[in-house]
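The values are calculated or read from the model by the stated rules, or taken from the named source; none is laboratory data. These numbers come from a predicted model, not from an experiment. So basically every Cβ, Gly included, is an ideal-geometry build from the backbone, and we count neighbours across all protein chains shown. Ligands, DNA and RNA are stripped out before the accessible areas are found, and what is left, the full protein with its side chains, is counted by its heavy atoms. Shrake-Rupley method; radii C 1.70, N 1.55, O 1.52, S 1.80 Å.
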Amino acid sequence: MSLTLMYITNNPTIALIAEKNGVERIWIDLETLGKEERQKNLHSVKSHHTLQDVEAIAKVLKKSECMVRINPWHKMSYLEIEDVLSAGAKRIMLPMWKTVEEVDAFLNAVDNRAKTTLLLETKEAVKCIDQVLENELIDEIHIGLNDLHLSYGLTFMFELLSNGIVETLCKKFKIKKILYGFGGIAKIGEGMIPAEKIIMEHYRLGSTRAILSRSFCNTDEIKEIEKVQEIFETNIQKLRNFELLLPNIPFKEFLENKLYLVQCVDEIVKGIKEKQDYVFCDKKSN
């Protein structure tokens with residue numbers, strides 16, 4: 001297994017560093033409608049990318065795909081799609097959809113002129129997913145853990161792994177032979193839940209797509225290009241090396257890893273509810 005990796009940036013230099021080190025998608029984020037209100041209490045990425053950023057990134061990429069997240073479906077979506085296509089987008093992502101009609105309208109508007117990704121991040125989307133999956137134009141689906149856990153009123157985004165929602169969705173996608181992924185991953189050995197534990201769950205569930213989280217390389221804080229290069233070169237290699245081990249791991253270890261995740265999520269949720277500022281699972285467990 002080798003995860004298709006995505007990284008959000010509007011900096012052409014950093015985009016090329018990510019591309020050089022095997023990140024398959026460079027993500028320009030044009031979503032603004034409603035995002036600030038939804039995620040106001042989360043330490044999440046709220047970008048200020050522009051259409052000009054799409055043009056700049058699309059021009060420099062040689063191998064990686066220029067992916068653009070547009071706004072949730074609204075009356076100006078047709079124009080947005082035309083604009084990002086003209087700017088050079090090779091893949092367009094639709095966030096926050098809630099109905100079959102929104103998905104159908106989006107896929108018809110793109111009309112196979114670019115690849116598409118449905119970002120599933122509302123409980124309404126989960127409710128209508130069986131009908132959505134009947135659309136043969138779907139390229140792939142990504143489960144957005146941040147907004148989806150908010151939609152369900154959960155405390156911690158990885159509760160969606162421990163409570164079975166992600167697993168149920170993945171089974172549906174697999175039956176329809178639609179490519180899928182979920183959430184983001186940190187560096188190997190880091191994260192509230194160690195990244196390797198999350199990667200094992202990707203492998204168990206058949207997920208082949210993941211976002212490199214902001215903590216993987218936070219360029220808002222790390223300004224030296226040489227340091228950014230070092231982080232990508234070192235940590236993408238660690239990630240890929242870990243992936244090479246996965247086919248040889250007995251299946252029972254993946255089941256044990258799932259139990260570890262459930263226990264870990266319970267521990268973190270308990271800590272959050274008790275208002276502990278920082279709660280991390282014991283990385284020596286399991």
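Residues in segment 48-59 carry Karplus couplings, in order, of 10, 6, 10, 4, 5, 5, 4, 4, 5, 5, 4, 6 Hz; the curve used is 6.51 cos²θ - 1.76 cosθ + 1.60 with θ = phi - 60°, and Gly or Pro positions show x. For the chain, the list of Cys residues with no other Cys C-beta under 4.7 Å reads 66, 128, 170, 217. Remark: the chain carries 48 Å² of accessible area per residue (probe radius 1.4 Å; ligands, DNA and RNA excluded). Placing a label point 7 Å from the Cα of residue 225 along the Cα-to-Cβ direction, the residues of segment 2-29 whose backbone N falls under 18 Å from that point are 9-22. Applying the criteria of a DSSP loop state and at most 12 other Cβ atoms within 10 Å to the trypsin sites (Lys or Arg not before Pro) of segment 187-229 yields 223.
Given the alternatives [x] 1.30; [y] 1.01; [z] 0.97, Cα Rg over 2.2 N^0.38 Å as computed for this entry is given by [z]. Residues whose amide H lies under 5 Å from that of residue 9, counting only those 5 or more places away or on a different chain, are 27; hydrogens are built 1.01 Å from N in the peptide plane. When all protein chains stay in place and ligands, DNA and RNA are ignored, the 1.4 Å accessible-area order of 27, 73, largest first, is 73, 27.
When a 1.4 Å probe is rolled over the protein heavy atoms, the share of accessible surface on the chain that falls to carbon and sulfur comes to 51 percent.
Counting only residues at least eight positions apart within a chain, or on another chain, the lysines with an alpha carbon under 23 Å from that of residue 90 are 20, 46, 59, 62, 63, 75, 115, 177. With a 1.4 Å probe and all protein chains kept in place, how much accessible area does residue 264 have, in Å² rounded to the nearest 10? Taking all protein chains as shown, residue 264 has close to 0 Å².
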